[in-house]
Every structure is written in C-alpha cells, then in structure tokens.
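To keep things clear, I will list the structure first and then write my remarks on it.
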Amino acid sequence: MTLLTLVRHGETDWNRDRRVQGSTDIALNDTGRAQARDAAAVLREQLLVSSPGAPSVIVSSDLSRARETAEIIAMELDLAAPALYPELRERAYGDAEGLDADEFIHRWGDWNTAEVPGAEPWPQLRERGLGALAAVVRDTRRATAPAVGTIIVVTHGALIRELIRHATGGELPPPGIRLANASAHPMRYERDRLSLIAYAAAV
C-alpha cells in the first residue's frame, strides 16, 4: 500500500482571470508561490500524522506551474528535487485554451459535458492519469525499497478531478465545483486500486 497526496498547482494569472489553461504552459504568479509554501506547511503536518519516519518523494507534471509548485514544496520540506512526469500534465482543451470561462460557456455550454474541438476526451484523461500514478508508484517503490515511501504528486485540476471521480465512483467532486489552487487530496494506492482518504474543500 502506498500513500499519495495529489496537490493542485498554485495560482497563475490565467487562473486568476478564469482563463482555460489546459496544456498551455503558464507560470505561477506570486499568489501561487505563496500558496505552494502554505501547502508545504499543511503537507508537513499530514506526513507527520499519517506516515512518521517514512521516506517522502515528490513528483510533478512537467508544466511550469506544477513544476515550480513542486520545487517550492520540496525546498520547504527538505526533499529531493521533483521527478517530472509529462503524463501528469493537465487535460488538453483544444480550441478552448486561452478563453475565459464566460466565452467557453457561450461557445460550448456546460464545462463537464462540452464537446470542444481538439480537447482530450475525459475517458482518455482518466486512463492517462491512472497510468501516470501506476508509473509513479512503481518508480517510488523501487527507489525507496525496502521502505514504503509516501508520494506527493503535484498536478492539475482536471486530472485530479478525474482521479477523484474514479476513486469515488463518480460521487466527488460535486458538479460545478472547482478544486482550489494548492489544495491537497490524500489517497491510497493498493494493488492497483485507488481510494480517496479525505476530500479537500473545493471552491
């Protein structure tokens, strides 16, 4: 059994302006950097309670907003630099990238059912995310054996949503609720099965 904490990256200017980022590589802003430091403090307390003494590893999407969030957390927690996994990237939103939320809704309707040209299909996103977690767990087990390491996975809102939906049979998150920037979602990975330990408050 491996403990994972999925962390959404900190805020970017596009998050602040409610623009669709997807695979577009947008950097953190100063608020996002502060959120990453705050997330590190929360993670430190969680790790002390859930897995005292266990080695901790941090990994990240290779997009800069996730990578920098992970680098800040690693520095605050005195961890090795994050390993980067392109498979942890955000869902590609095709023609919607760069648009604000109002324009998105005007063109395609509801966020979760919209058919956006060029966007990565939701089932494909879920499959990619689960494959990425399997690779992360496998690599971490090899690196920390014989100890069982805990893993901080810094990634993106839509990917985390889809993994939570998989782990809860679609019960969470509620429709229309955004996951907060730098929110942390502890999960358990056991025999290739993903389960949610706690659901972080959303916005």
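Read the figures in this text as sums done on the coordinates, not as results from a lab. Being a predicted model, the structure only gives us computed values, none of them experimental. Cβ atoms come from the backbone with ideal geometry, glycine included; neighbour counts cover every protein chain shown.
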Query raised in the report: Stretch residue 139-residue 42 to full length: gain in nm at 0.36 nm per residue minus the Cα-Cα span?
Result: 32.4 nm
Query raised in the report: Which is the longest stretch in the chain that no exposed loop site breaks, taking sites as trypsin sites (Lys or Arg not before Pro) with a DSSP loop state and at most 13 other Cβ atoms within 10 Å?
Result: 19-190
**Report entry** Phi-based couplings in Hz for the range 172-178 (Karplus 6.51, -1.76, 1.60; Gly and Pro marked x)
**Finding:** 10, x, x, x, x, 9, 8
Report task. Quickly work out the residue 62-to-residue 122 label distance, labels modelled 7 Å from Cα along the C-beta direction, and quote it in nm with one decimal. Result -> 2.9
Requested in this report: Neighbouring Cβ atoms within 10 Å as the yardstick, rank 60, 183, 23 fewest first.
Outcome: 23, 183, 60
Query raised in the report: What is the Cα radius of gyration of the range 16-120 over 2.2 N^0.38 Å, N being its residue count?
Result: 1.29
Report summary line: The percentage of Cα-Cα pairs in the range 129-203 separated by more than 15 Å is 56
Query raised in the report: Using a Förster distance of 30 Å, how high is the FRET efficiency between residue 190 and residue 16, based on the Cβ-Cβ distance and rounded to 0.05?
Result: 0.20
Query - Förster radius 35 Å - calculated FRET efficiency between residue 1 and residue 24, Cβ distance, rounded to 0.05 - result: 0.45
**Report entry** Placed amide H near residue 5: partners under 5 Å, 5+ positions off or other chain
**Finding:** 151, 152, 153, 187
Query raised in the report: Excluding residue 104 itself, what net charge comes from residues whose Cβ is under 14 Å from its Cβ, given Lys and Arg +1 and Asp and Glu -1?
Result: -3
Query raised in the report: Hey, what do the phi angles of the range 77-83 turn into as Karplus ³J(HN,Hα) couplings, whole Hz, using 6.51/-1.76/1.60 and θ = phi - 60°, x for Gly and Pro?
Result: 9, 6, 9, 5, 4, x, 6
**Report entry** Dipole of the range 4-139 [Lys/Arg +1, Asp/Glu -1 at C-beta], most positive-end residue of 24, 108, 86
**Finding:** 86
Report task. Excluding residue 93 itself, calculate the net charge of residues whose Cβ lies under 13 Å from the Cβ of residue 93, where each Lys or Arg counts +1 and each Asp or Glu counts -1. Result -> -3
Query - the range 73-143: GluC sites (Glu not before Pro) falling in loop per DSSP and having at most 14 other Cβ within 10 Å - result: 115
Query raised in the report: Can you sort 136, 42 so the residue with the fewest Cβ neighbours within 10 Å comes first?
Result: 42, 136
Report summary line: Computed on Cα atoms only, the convex hull of the chain has an orientation-averaged projected area in nm² of 10.2
